[in-house]
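**Student:** Got a structure here, written out as C-alpha cells. Questions coming.
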Amino acid sequence: MSFQGVDHVGVGVSDLDPAVHFYGRHLGFDRVLFDWEGELTSVEPFAGRAPLVRVAMLENGSATPIGPGRVKLVQVLDGDGPPPVPAGQAWGEVGVCEICLHVRSVPEVHAALVAAGCEELMPAISAAVVPHDIALDISYVEDPWGTKLELIEWTGLWHSLPGPARAEGVNHVAFGVTEMARTRAFYERLGFTELLFESFDFFDPMAPWYVAPWYEPENLPAQHMTMPMPPQGAAIEPVVLDPPGHDCRGDWGHLGPMDFGIRVANIDTAAAELRADGVEVHGEPQAIDLGGGREWRTVAFEEPDGNYVSLVEARV
Ligand SMILES: [Fe+2]
C-alpha cells in the first residue's frame, strides 16, 4: 500500500505563536514535530510563487487510530501576509472547508472550546449516518482564525480507552468537489476505499452558515456528502453542492483550512504511481532538512477539482 490516508490538514493563521499555543493547549496538538521557516517551493503550482512561510507541524499526543491526523499551521510571511478566508464560504464549495477532530465526549470538549474563545457554530447533537446506521455525537466550533472545527465521537464505530474528555486528532478533512463519482474514483486509487457513509440530505443544523448574498436562505443547495476511509490514516469527506457554490479554494495559505497532505511511505514511488495513472504531479519532491536526521518531503499534485493536495513522506 503506497498511500496511507490523510497525514495532515493545513491551516492558515495570522500569527503562528498564539496558534501553536492554542492548538496545543485547547485541542491537544501538543507535540511540535517541527517549526520551520523558508520558501515552500513545493506549493508553487498552487501559490503562483514559492511563498516564504513559517510552518509548524503539530501532532496530538492522544491520537488514536480513528483520529490519527496532524495539523499543519502555516503563516505566510511574504507579500501582503496571509490571504483572507475565501469570501462567501459556507461549507461544501470547492476548497477545503473543515477539519474534523475525533474527541472523547463531544459536549464536554465543545463547552471547553467555547470557554476558550471559539465561536459556537453548532451545539452538540447525537445522530446516525446511513447506510450502516453508525451512531455519532457531533458539534461545530470555529477557531480564532476562522477554521470550522467539527468535533465527532464515532460512538457506533470506536470505543475510546478510559480517560478524560479530550480532542484526539484529525479524523477527516472535508472539501468541496463538483462531480462525486469522479472524485470517488480518483481517491479510491489513493487508498480511500471504504465508504463510511453517504448522504443526500441537507444537514439542517448547517443552514445558518449559508447566508446572503451568496445564498438565498429559503432556497439552500442540496448537499451530497460521502466519507471514504483508508485502512489507516485520516479520512476524506468530499461534498457536492447542487447548485454548486462559487470556487472557495482561495489563495494558497489563506486563513482557515486550505490544503491537506496524503501520507506515503516512499514519495518517489508514490509519485511514480500517480504519474503512471495519468495524474499530474508537480515536479520533484521538495526535501526540507529539519536537522538531526529528520526530513520532510512533499510534492503537490493535481486532483480533479484543483483542491490543494500534496503527498507527504515524513521522517520526523
Ligand atoms: Fe465532517
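**Student:** The range 233-316: which GluC sites (Glu not before Pro) are DSSP loop and have at most 16 other beta-carbon atoms within 10 angstrom? Can you show the working numbers first?
**Tutor:** Working: sites: E273, E280, E295, E302, E313; in loops: E280.
Here the GluC sites (Glu not before Pro) that fit, given the DSSP loop and packing criteria, are E280.
**Student:** Calculate, in whole percent, how much of the Cα-Cα pair population of the range 1-102 lies beyond 15 Å.
**Tutor:** Values: 3433 of 5151 pairs.
Distances greater than 15 Å cover 67 percent of the Cα pairs.
**Student:** Using only C-alpha atoms and all pairs of different ones, pull out the Kirkwood radius for the range 66-143 in Å with one decimal.
**Tutor:** Numbers: mean 1/r = 0.0658 Å⁻¹.
Mean inverse Cα-Cα distance, inverted, gives 15.2 Å.
**Student:** Can you list, bin by bin at 10 Å, the percent of alpha carbon pairs in the range 202-267, starting at 0?
**Tutor:** The distribution over the range 202-267 is 15, 37, 34, 11, 2, given as percents.
**Student:** For the range 88-193, what D do you get in µm² per second when you plug the Kirkwood radius from alpha-carbon pairs into Stokes-Einstein at 4 °C and 1.567 mPa s?
**Tutor:** Numbers: Rh = 15.0 Å.
Estimated diffusion coefficient is 86 µm²/s.
**Student:** Add -39500 (n - 2.57) for each DSSP H run of 4 or more in the chain, then divide by its residues: what number comes out at 222 nm, to the nearest 500 deg cm²/dmol?
**Tutor:** On the way: 5 runs with 45 residues, N = 316.
It comes out at -4000 deg cm²/dmol, rounded to the nearest 500.
**Student:** Order by neighbour count: H132, H159, H172, fewest other Cβ atoms within 10 Å first, most last. Don't jump to the answer; show the numbers that get you there.
**Tutor:** Numbers: H132 12, H159 7, H172 28.
Fewest to most other Cβ atoms nearby, the residues stand as H159, H132, H172.
**Student:** With each pseudo-label sitting 7 Å past Cα toward Cβ, what's the E37-V130 distance in nm, one decimal?
**Tutor:** So the two model labels end up 5.3 nm from each other.
**Student:** Sticking with the crude label model, points 7 Å out along Cα→Cβ, report the distance from L157 to R189 in nm, one decimal please.
**Tutor:** My value for the distance between the label points is 2.5 nm.
**Student:** Order by neighbour count: S310, S199, S126, fewest other Cβ atoms within 10 Å first, most last. Numbers along the way, then the final one.
**Tutor:** Numbers: S310 25, S199 15, S126 12.
Ranked by crowding around the Cβ, least crowded first: S126, S199, S310.
**Student:** Only loop residues by DSSP count here, and only those with at most 16 other Cβ atoms within 10 Å; note down the chymotrypsin sites (Phe, Trp or Tyr not before Pro) in the range 214-316 that meet that.
**Tutor:** Working: sites: W214, Y215, W252, F260, W296, F301, Y308; in loops: W214, Y215, W252.
Loop-located and lightly packed - W214.
**Student:** Could you give the radius of gyration (one decimal) and Dmax (whole number) of the Cα atoms in the range 167-316, in Å?
**Tutor:** That works out to 17.1, 57 Å for Rg and Dmax.
**Student:** Also: Using only the Cα atoms of the range 258-307, what do you get for the radius of gyration and for Dmax, in Å?
**Tutor:** Just the Cα atoms of the range 258-307 yield Rg and Dmax of 11.9, 38 Å.
**Student:** Taking a quarter of the surface of the convex hull around the Cα atoms of the chain, what do you get in nm²? If you can, show how the numbers build up before the last one.
**Tutor:** On the way: hull surface 60.4 nm².
Value for the chain: 15.1 nm².
**Student:** P(r) for the range 14-66: what percent of alpha-carbon pairs falls in each 5 Å bin, starting at zero?
**Tutor:** 5, 18, 22, 18, 15, 14, 7, 1
**Student:** Select from the range 243-284 those trypsin sites (Lys or Arg not before Pro) which occupy a DSSP coil region and have at most 13 other Cβ atoms within 10 Å, ordered by residue number. Intermediate values should be presented prior to the final figure.
**Tutor:** Working: sites: R249, R263, R275; in loops: R249.
Qualifying residues, ordered by number: none.
Every number in this text was worked out from the coordinates using simple rules, so none of it is lab data. This one's a predicted model, so the numbers in the text were calculated from it and none came from an experiment. All Cβ positions, glycine included, derive from the backbone under ideal geometry; neighbour counts span all protein chains shown.
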